[in-house]
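Novice: Here it is, the structure, as structure tokens.
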Amino acid sequence: MEKRRILAFSGILIILTALAASMVYGEEITNIPRQGESKITFQEDSEGIVTADLNSGLTAEDLVNNLLGEGVAVSNVTLKGANIAAGTFTGGEGILGFENGIILSTGNITFVKGPNEFDDITAANGLPGDPDLDALIPGFQTFDATVLEFDFVPETGIIQFEYVFTSDEYNEFVNTEFNDVFGFFVNGENIALIPGTTTPVSINNVNNGNPFGTNTSNPEYYINNDLSDGGGEINTEMDGLTVVLTATAEVTPDETNRIRMAIADAGDWALDSNVIIRAESFVSPRLTLEPESATNNVGETHTLTATFVDENDTPIAGENISFNVTAGPNNGTKGTDTTDEKGIATWNYSGTAAGSDTIVASGGGETSNKVTKVWEEEGAAEPRLVLEPESATNILGTTHIVKAILSNDNGTPVANETITFNVTNGPFAGLSATAITDANGTATWSYGITPGTDTIVATGAGETSNEATKTWKAAEGASTLLTLEPRSGTNNIGSSHIVRAKLVDESGAPVPGEMITFVVSDGPHLGTSGTSLTNANGTATWCYYGIFTGNDTISARGGGQASEEVFKTWETGNNTSGSKSFMTIEDSEGVKEGGIWTLFTSIFEKVR
């Protein structure tokens with residue numbers, strides 16, 4: 001317990017320091033050589049991940065140089081975000097799946113280090129989100145964005161790189177509104193996709209469900225490290241991560257293209273997520289493999305085409321090319337062919353089991369981009385409008401997210417269609433809402449807090465979805481597991497407001513020793529946040545200082561729960577006392593005057 005108290009104090013100081021000194025906006029770098037010097041230090045026999053952020057002297061140029069492999073020249077680099085939210089690392093082999101590279105974070109990159117000791121690590125930098133990321137998850141607002149972007153000129157028509165997504169939102173906030181997201185936008189199009197799909201990689205799209213093991217989404221790409229769900233053996237503080245994924249894009253060779261690598265919190269500033277990119281993996285291979293993705297029935301034949309060119313884009317004939325299925329149900333299947341006068345070699349194979357294969361070609365000292373092949377069992381056609389998850393159970397005080405996915409007869413997503421969600425039975429019977437499908441054919445809706453089981457159906461574009469069910473349950477003797485008080489209040493600016501969170505288990509018993517994160521999610525003090533441990537009564541307290549007039553919305557998370565929202569009004573008061581104190585602290589014991597250290601002392605007292 002003492003260790004957790006110390007870390008709680010450290011977390012407050014980190015956040016205060018970050019808010020004061022960690023922002024770096026609009027840094028412009030130009031004319032980066034293709035193979036510039038990198039500030040990576042390779043270590044032998046490393047016992048874990050070692051990070052270096054921008055406060056160490058690294059620049060945006062260093063980060064990009066770290067990524068560069070063969071066949072790409074870059075320029076016009078910009079980086080937006082906090083200094084502590086971007087940097088390099090070593091020691092990732094056996095933890096992340098590769099030894100070194102760069103990290104872009106929604107909080108602090110040092111929190112990627114292990115071991116995993118906490119369920120809710122957070123550095124809130126108080127920075128805005130990103131509009132491109134907002135567009136990937138309609139209905140959600142993003143915060144604390146870190147964005148690295150640059151121009152690049154590839155030698156061929158393909159670029160690729162390898163990456164891992166990690167987050168402390170796993171597993172307790174899967175399928176909620178806290179859907180942290182990232183994207184790799186090449187010439188405006190996101191290529192950070194689940195293999196063989198047009199679905200972005202995010203918390204709600206790659207997971208092992210919530211509750212753990214139920215209502216999963218693409219679990220084959222997810223690795224659990226959550227202490228509450230049998231994890232913790234992987235030497236990182238993050239509660240979950242993806243397998244190593246490959247981003248691939250078709251680009252215009254020998255011309256300038258643009259990439260934006262962006263990550264942000266969604267729903268609030270709390271709990272860190274990271275996208276980690278392998279060093280020297282940003283390449284434009286001279287041996288390219290296509291199609292990038294395809295879907296066939298099991299037993300049918302799939303044809304792959306490899307094209308081999310030299311540095312002048314001239315086809316190379318007579319080269320032996322090996323094709324290999326490196327992962328998936330048909331792992332180990334392989335074949336060879338020789339390039340013709342156009343530099344082309346082909347290979348056919350048939351899938352014997354359903355699932356997703358990863359295929360790579362090699363030859364002439366080159367390795368191609370990775371491609372994906374999805375094999376499906378032949379059977380009844382899937383409905384065009386699909387509602388998910390099919391069933392779920394939430395504790396009151398959390399929010400349920402329903403996703404409707406619309407596609408045409410060929411499986412192509414249908415965008416810009418209005419989808420109507422209807423609760424047809426249950427405590428919310430009669431409730432309905434509409435949403436517009438995005439570029440991935442997905443529309444989302446979130447709702448409410450009343451006990452019982454709902455039946456939900458979606459309609460749109462002449463289609464009716466499958467039925468889905470949602471069960472809401474209350475803790476015995478409590479309406480929610482995590483509650484906030486007071487529900488509302490009014491203070492003069494120049495004073496502070498104290499918020500109390502109460503955490504109980506399903507029997508209504510207090511839960512001590514849990515870290516609670518408080519966030520001002522809307523209003524004049526948007527982005528203000530803090531943390532506190534629950535005491536023996538299950539209570540955590542937090543105070544913050546009002547400097548602007550207006551109405552704040554406040555929420556809290558911790559112990560796997562999200563609270564309801566509460567509200568605070570700040571007004572202009574008449575100070576006639578003549579006091580020269582910096583501020584006042586108001587609590588149940590009265591008014592205490594003091595300087596800025598009084599604020600810190602009060603926070604520490606409340607944490608203890």
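The values are calculated or read from the model by the stated rules, or taken from the named source; none is laboratory data. Just so it is clear, the structure is predicted and the values come from calculations on it, not from any experiment. Cβ coordinates were reconstructed from backbone atoms using ideal geometry, including for glycine residues, and neighbour counts include every protein chain displayed. With ligands, DNA and RNA removed, areas are computed over all heavy atoms of the protein, side chains included. Shrake-Rupley method; radii C 1.70, N 1.55, O 1.52, S 1.80 Å.
Novice: Exactly one condition in (1) over 16 Å from the mean Cα position of the chain (by Cα); (2) under 20 Å from Glu237 (Cα atoms) is not met by Phe150; state its number.
Specialist: (2)
Novice: Right, here's the next one. Does Arg260 count as farther than 30 Å from Val325 by Cβ, of a type in the set (Lys, Arg) and open to solvent by 30 Å² or more (accessible area, probe 1.4 Å)?
Specialist: yes
Novice: If you take the residues in the range 64-99 that are assigned to a loop (DSSP other than H, G, I, E, B) and open to solvent by less than 20 Å² (accessible area, probe 1.4 Å), which one is farthest from Ala266 (Cα to Cα)?
Specialist: Selected residue: Gly71.
Novice: If I ask for residues that are part of a loop (DSSP other than H, G, I, E, B) and of a type in the set (S, T, N, Q), which ones from the range 310-348 would you list?
Specialist: Asn312, Thr314, Asn330, Asn331, Thr333, Thr339
Novice: Might you let me know whether the range 493-507 holds any residue that is within 16 Å of Arg557 (Cα to Cα), modelled with pLDDT under 85 and out of contact with any Pro (no Cβ under 8 Å at 6 or more places or on another chain)?
Specialist: Yes.
Novice: Which residue pairs have Cβ atoms closer than 8 Å, lie 6 or more positions apart in sequence or on different chains, and pair a first residue in the range 459-482 that is under 9 Å from Leu385 (Cβ atoms) with a second residue that is part of a loop (DSSP other than H, G, I, E, B) and modelled with pLDDT under 75?
Specialist: Glu463/Pro383; Ser465/Pro383; Asn466/Pro383
Novice: If I go through the range 179-189 residue by residue, how many of them are at pLDDT below 90 and not in a loop (DSSP other than H, G, I, E, B)?
Specialist: 1
Novice: When the residues of the range 104-157 are filtered to those that are assigned to a strand (DSSP E or B) and acidic (Asp, Glu), which remaining residue is least open to solvent (accessible area, probe 1.4 Å)?
Specialist: Asp144
Novice: Within the range 597-607, is there a residue that is basic (Lys, Arg), modelled with pLDDT under 80 and either under 29 Å from Ser228 (Cα atoms) or open to solvent by less than 20 Å² (accessible area, probe 1.4 Å) (or both)?
Specialist: Scanning the range 597-607 turns up at least one residue that is basic (Lys, Arg), modelled with pLDDT under 80 and either under 29 Å from Ser228 (Cα atoms) or open to solvent by less than 20 Å² (accessible area, probe 1.4 Å) (or both).
Novice: Count, please, the residues in the range 204-220 that happen to be outside any loop (DSSP other than H, G, I, E, B) and buried (at least 19 other Cβ atoms within 10 Å of the Cβ).
Specialist: 2
Novice: Please determine whether any residue of the range 564-576 is open to solvent by 40 Å² or more (accessible area, probe 1.4 Å), aromatic (Phe, Trp, Tyr) and modelled with pLDDT under 80.
Specialist: Scanning the range 564-576 turns up no residue that is open to solvent by 40 Å² or more (accessible area, probe 1.4 Å), aromatic (Phe, Trp, Tyr) and modelled with pLDDT under 80.
Novice: Which condition does Asp265 not pass, out of (1) charged (D, E, K, R); (2) in a strand (DSSP E or B); (3) open to solvent by 10 Å² or more (accessible area, probe 1.4 Å), if it passes all the others?
Specialist: It is condition (3) that Asp265 fails.
Novice: Checking Glu172 against (1) charged (D, E, K, R); (2) touching a helix residue (DSSP H, G or I) at 6+ places or on another chain (Cβ under 8 Å); (3) not in a loop (DSSP other than H, G, I, E, B), only one condition comes out false. Which one?
Specialist: Result: Glu172 passes all but (3).
Novice: Looking only at the range 504-539, count how many residues are free of Cβ contacts under 8 Å to residues at least 60 places away in the same chain and either farther than 26 Å from Asn125 by Cβ or small (Gly, Ala, Ser) (or both).
Specialist: Of the residues in the range 504-539, 14 are free of Cβ contacts under 8 Å to residues at least 60 places away in the same chain and either farther than 26 Å from Asn125 by Cβ or small (Gly, Ala, Ser) (or both).
Novice: Moving on to the next point. Would you mind stating whether Thr307 is of a type in the set (Ser, Thr, Tyr), in a strand (DSSP E or B), surrounded by 16 or more Cβ atoms within 10 Å (Cβ to Cβ) and over 28 Å from the mean Cα position of the chain (by Cα)?
Specialist: When the stated conditions are applied, Thr307 passes them.
Novice: Of the residues in the range 303-333, how many are in contact with a Phe, Trp or Tyr (Cβ under 6 Å, 6 or more places away or on another chain) and either at pLDDT 90 or above or among the acidic types (Asp, Glu) (or both)?
Specialist: Residues flagged as in contact with a Phe, Trp or Tyr (Cβ under 6 Å, 6 or more places away or on another chain) and either at pLDDT 90 or above or among the acidic types (Asp, Glu) (or both) within the range 303-333 amount to 4.
Novice: I've got another one for you. Residues of the range 230-244 being surrounded by fewer than 20 Cβ atoms within 10 Å (Cβ to Cβ) and either under 29 Å from Thr198 (Cβ atoms) or in contact with a Leu (Cβ under 6 Å, 6 or more places away or on another chain) (or both), which ones?
Specialist: Val243, Val244
Novice: Which condition breaks for Asn205 when tested against (1) within 15 Å of the chain's Cα centre (by Cα); (2) farther than 20 Å from Arg278 by Cβ; (3) touching a residue at least 40 places away in the same chain (Cβ under 8 Å)?
Specialist: (3)
Novice: Let me ask something else. For the range 343-357, what are the residues that are at negative phi and either within 34 Å of the chain's Cα centre (by Cα) or not small (Gly, Ala, Ser) (or both)?
Specialist: Ile344, Thr346, Trp347, Asn348, Tyr349, Gly351, Thr352, Ala353, Ala354, Ser356, Asp357
Novice: Within the range 510-530, is even one residue among the aliphatic types (A, V, I, L, M), modelled with pLDDT of 85 or more, in contact with a strand residue (DSSP E or B) (Cβ under 7 Å, 6 or more places away or on another chain) and over 27 Å from Asp144 (Cα atoms)?
Specialist: yes
Novice: From the set of residues in the range 441-450 that are under 20 Å from Pro138 (Cβ atoms) and either open to solvent by less than 50 Å² (accessible area, probe 1.4 Å) or among the aliphatic types (A, V, I, L, M) (or both), which is modelled with the lowest pLDDT?
Specialist: Going through the qualifying residues, I end up with Gly448.
Novice: Can you pull out every residue in the range 158-178 that is open to solvent by 10 Å² or more (accessible area, probe 1.4 Å), at pLDDT below 90 and under 26 Å from Ser293 (Cβ atoms)?
Specialist: Ile158, Gln160, Asn175
Novice: Can you find a residue that is assigned to a strand (DSSP E or B), of a type outside the set (D, E, K, R) and crowded, with 24+ Cβ neighbours inside 10 Å anywhere in the range 249-256?
Specialist: Within the range 249-256, not a single residue is assigned to a strand (DSSP E or B), of a type outside the set (D, E, K, R) and crowded, with 24+ Cβ neighbours inside 10 Å.
Novice: For the range 531-563, what are the residues that are within 20 Å of Gly508 (Cα to Cα) and at pLDDT 80 or above?
Specialist: Leu533, Thr534, Asn535, Ala536, Asn537, Gly538, Thr539, Ala540, Thr541, Ala556, Arg557, Gly558
Novice: Take the conditions modelled with pLDDT of 90 or more and touching a Phe, Trp or Tyr at 6+ places or on another chain (Cβ under 8 Å) and apply them to Asp239. Does it pass?
Specialist: In short, yes.
Novice: Take Gly196 and tell me if it is at pLDDT below 90, farther than 17 Å from Glu388 by Cα and outside any strand (DSSP E or B).
Specialist: Spelling it out, Gly196 is indeed at pLDDT below 90, farther than 17 Å from Glu388 by Cα and outside any strand (DSSP E or B).
Novice: Kindly provide the set of residues from the range 310-341 that are open to solvent by 40 Å² or more (accessible area, probe 1.4 Å), in contact with a strand residue (DSSP E or B) (Cβ under 7 Å, 6 or more places away or on another chain) and among the polar types (S, T, N, Q), ordered by number.
Specialist: Across the range 310-341, the qualifying residues are Asn320, Asn324, Thr326, Asn331, Thr333, Thr336, Thr338.
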